[in-house]
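Read through the structure below, which is laid out as structure tokens, and then see the notes.
The values are calculated or read from the model by the stated rules, or taken from the named source; none is laboratory data. Computed from a prediction, not measured in an experiment: that's the story for all the values here. Counting neighbours? That spans all protein chains shown, and the Cβs are built from the backbone with ideal geometry, glycine included. Each accessible area value is taken on the protein alone, full model and side chains, heavy atoms only, with ligands, DNA and RNA left out. Shrake-Rupley method; radii C 1.70, N 1.55, O 1.52, S 1.80 Å.
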Amino acid sequence: SNAAVSREDYVEFLRTRYGLSVGLSNKFGDLMKNCVVRALDSGSTFHVSSKEGMEEAVFIQELKEKIPVETAGGIEVPQYCATIPVNLGNVKALETVCLPDSPDLAAMGKLVREEGMKFRWEEWDPVLKDSDNVQIPLLVVGNVPLIVTPALLNFFKELEAFNSENMDKEKLDEL
């Protein structure tokens, strides 16, 4: 699966791509503290929580049956499952398996089949909508759609607009 985007890689991409200054880095850091970035993964059977993602859990339970799971990093055996609060339109929680070394993932198939969400991706901008047709904010990094908070998405849209107004296109392409 292409969803193996670590939180560190994501943050580094954003810092490099947008050339954050000290002031913007502070704003960015504050936004990231309130945002669990969750990759929308078409290859995952389960929603997955990382060690960091587990900090958001409202309920954690030991799995009665330990089943090996094949991941991009090899075979892992989850020990716990957790209920993680999310804001995905009318979906307010995900039941996740806990894989400490994995990125946080939302299983696209589960969202579509079990929650009635709709997903399409044409050209550059993927679209995820809940069963009430409310669009969920997505940001694409390395060809992986990431579910982010609206505040974080707006921050990057504002930053992109600022960069477009204040830098020539050739300079932007170098970032």
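Tell me yes or no: at least one residue of the range 18-27 is within 14 Å of the chain's Cα centre (by Cα), open to solvent by 20 Å² or more (accessible area, probe 1.4 Å) and modelled with pLDDT under 85. No, the conditions are met nowhere in the range 18-27. Selection within the range 113-129: residues that are among the hydrophobic types (A, V, I, L, M, F, W, C) and open to solvent by 60 Å² or more (accessible area, probe 1.4 Å). The member of this set that is farthest from L139 (Cα to Cα) is W121. Is there any pair linking a residue in the range 101-113 that is part of a strand (DSSP E or B) to one that is exposed (fewer than 14 other Cβ atoms within 10 Å of the Cβ), with Cβ under 8 Å and at least six apart or on different chains, and which? Matching pairs, first to second residue: A107/T45.
May I ask you to verify whether L139 is modelled with pLDDT under 85, outside any helix (DSSP H, G or I) and surrounded by 12 or more Cβ atoms within 10 Å (Cβ to Cβ)? Show your work before the answer.
On the way: modelled with pLDDT under 85: yes; outside any helix (DSSP H, G or I): yes; surrounded by 12 or more Cβ atoms within 10 Å (Cβ to Cβ): yes.
Answer is yes for this residue.
Kindly indicate the residue of the range 142-161 that is over 23 Å from A82 (Cβ atoms), under 17 Å from the mean Cα position of the chain (by Cα) and not aliphatic (A, V, I, L, M) and also modelled with the highest pLDDT among those meeting that condition. I'd like the intermediate steps shown before the answer.
Step one: filter the range 142-161 for residues over 23 Å from A82 (Cβ atoms), giving 142-143, 150-151, 153-161.
After this cut, where a residue has to be under 17 Å from the mean Cα position of the chain (by Cα) as well, the list is 142-143, 150-151, 153-157.
Within this subset, residues satisfying the condition of being not aliphatic (A, V, I, L, M) are 142-143, 150, 154-157.
Values: G142: 80, N143: 85, P150: 64, N154: 70, F155: 70, F156: 69, K157: 70.
Within the range 142-161, the match that is modelled with the highest pLDDT is N143.
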